[in-house]
Amino acid sequence: IETGLAQNPDLITQRQTERVSEAALGVAETYPFNPWVQVQATPYQNSPVGGGGGTTSHYVLLMQQIQLAHQQQHREDGASAALNSTRWNILNAQLQNVAQTERLYFAALYQKGVRDLAQANADNNEHLLTILERQLQAGQATAADVSIVRLDVRSTRQQAHLLEANYQTALLDLKRQLNLPMSQPLELAEELTHWNWQAADPAHLASVMSADLAMRSESTDPHEVLASLAACRPDVLAARANLDAARANCHLADASRTPDLQIGPYYQRNDAGVTFVGFRSQMDLPVLNSGTPLLKQRSQELHQQTVAWQQLEARAAVDRYERARRLIADTASNNGIALPIELQRLEAQFQAGEVDVLRIFQARTSLIQSRRAYLDTLNELAQSAAAVTAATGVPPQALATPRLK
C-alpha cells in the first residue's frame, strides 16, 4: 500500500492539480484593478475666425471598472471551495488507491491459492498414476483404471497451467498498480488463509478512527455510526466542497446581474482654449440580457451537487463484508487441515487397499470442491473488506491482520 501511494502514476498526476487550484485562488483573490486610459489630440484643425493659429484640441480620460455587488468575494469563495474540493479529491484518490491495492493484492493471493490447489491435485494424480502403473504390472489393477487416471492427469495438469497463467496476470495487475517494472520478478509469500478478519461492528469501526470522530459518534445506532464514518470520507467532503463552490458560483451569477460601474477623472481642452476637468462614468443597461439565464444554470448546478452529496453512504459495503465474515466463521473449522495432508491420507488408504480408484476420485473431487468454495468465500471476504475501506475510510489493518505463524 505504501508503494502504491508513493509510485502510482495516476496519484502522481492527481497531486499536481493542487498547484493549479492554488494558482486559481490567487487569481480570484486579485481584484481586477486595471484602469484604462484614453487620449485624443487634434493638432491640425481650422483656424478660428478672426485670425490666429488656434490651439490643439485634446482630452485625457482615465477609467476604472468598479464592481458594485461584491463579485470579488463570491469569486474568492468559489475558488477557495474549489481548492478544498481538489485537496479532498486527492485524499479520496489516495483512499481509492489503498482500496484498489488491497483488492489486487488479495485477488492475487486468491489466484495463488487456486493455483496451488490445482497443482496439488495434479501432483496427486501423477503419483496415483505411478502407483496404478506398478499395480498393473503386478496384476493388481486394470488397464481401464490406468486409462481413467491418465486422462485425469492430463486434464488436471492443463488446468494447473491455466491457473498459473491467471496468477501471473494477477501479479501483472498488481505490478501496474504499484508502478513496478513488468520485468521485475514478484512472488507473494502469504496465503489467503493466513489472515484474521475482524468484525465490522460500529464500535470497532469508530474505535479505529480519529478521536474527533469517536466523540461525534457517541450513538450506538449502527446507522448513525456509519453515517458519521461516511461524513468524514474524502469523497463526501469533496462533494461538500463542490456544493460550496456551486453555491458561490450561484451567488456570483446573481451578483453579476448588477452591472459594473466604470468611472474616472476626465480632462479636456478644446480648440477655443477652454479647459474642462471632471469625472465620467458609464454603466451597461441590462435590457435584453439581465443575467437570469446564467443564474438559472448555476441554480441547477447547485441542486445537482446537493443531490450528489446526499447519495453517498456506506451501509451496503459493511453489510456485504459482515455476510462474508459470518460465512467464513461457519466454515473455517472444516478447512483447517492442509490439502496435501488430506490427499496423502486418501493415497495411503488406496495403497492399503481400503478404497478403490473410484472412491479416491469421488472423495478427492468432493475435497477439492469444498476447498475451492472456501477460497471463493475468502476472496469475497477480502474484496468486501476493500469495499469497506473505500466506503468508510477505515484503514485495511482495522479489518485484516496477518495470522501469527
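The values are calculated or read from the model by the stated rules, or taken from the named source; none is laboratory data. Everything numeric in this text was worked out from a predicted model, so none of it was measured. Please note: Cβ atoms are built from the backbone with ideal geometry, for glycine as well, and neighbour counts cover all protein chains shown. Keep in mind that these areas ignore ligands, DNA and RNA; they rest on the heavy atoms of the full protein, side chains included. Shrake-Rupley method; radii C 1.70, N 1.55, O 1.52, S 1.80 Å.
Details
- Residue among GLN262, GLN297, GLN268 that alone is modelled with pLDDT under 80 and either surrounded by 15 or more Cβ atoms within 10 Å (Cβ to Cβ) or not in a strand (DSSP E or B) (or both): GLN297
- ARG325 vs. criteria of a type outside the set (Val, Ile, Thr), open to solvent by 50 Å² or more (accessible area, probe 1.4 Å), in contact with a Ser or Thr (Cβ under 7 Å, 6 or more places away or on another chain) and at pLDDT 70 or above: no
- Residue check for ASN166: at pLDDT 90 or above and open to solvent by 70 Å² or more (accessible area, probe 1.4 Å): no
- Hits in the stretch 60-86 (condition: part of a strand (DSSP E or B) and at pLDDT below 85): GLN65, ILE66
So that you can scan it fast, the table gives a plain yes or no per residue for (1) farther than 30 Å from ALA255 by Cα; (2) of a type outside the set (A, V, I, L, M, F, W, C); (3) open to solvent by 10 Å² or more (accessible area, probe 1.4 Å):
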{"position": "GLN73", "(1), (2), (3)": "no, yes, yes"}
{"position": "ALA82", "(1), (2), (3)": "no, no, yes"}
{"position": "ALA107", "(1), (2), (3)": "yes, no, yes"}
{"position": "LEU117", "(1), (2), (3)": "yes, no, yes"}
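- ALA189 vs. criteria in a loop (DSSP other than H, G, I, E, B) and in contact with a helix residue (DSSP H, G or I) (Cβ under 6 Å, 6 or more places away or on another chain): no
- Count of residues meeting criterion [at pLDDT below 85, in a helix (DSSP H, G or I) and either among the aliphatic types (A, V, I, L, M) or surrounded by 22 or more Cβ atoms within 10 Å (Cβ to Cβ) (or both)] in the stretch 365-405: 4
- Selection of the stretch 24-41 for residues being outside any strand (DSSP E or B), open to solvent by 80 Å² or more (accessible area, probe 1.4 Å) and among the aliphatic types (A, V, I, L, M) yields only VAL27.
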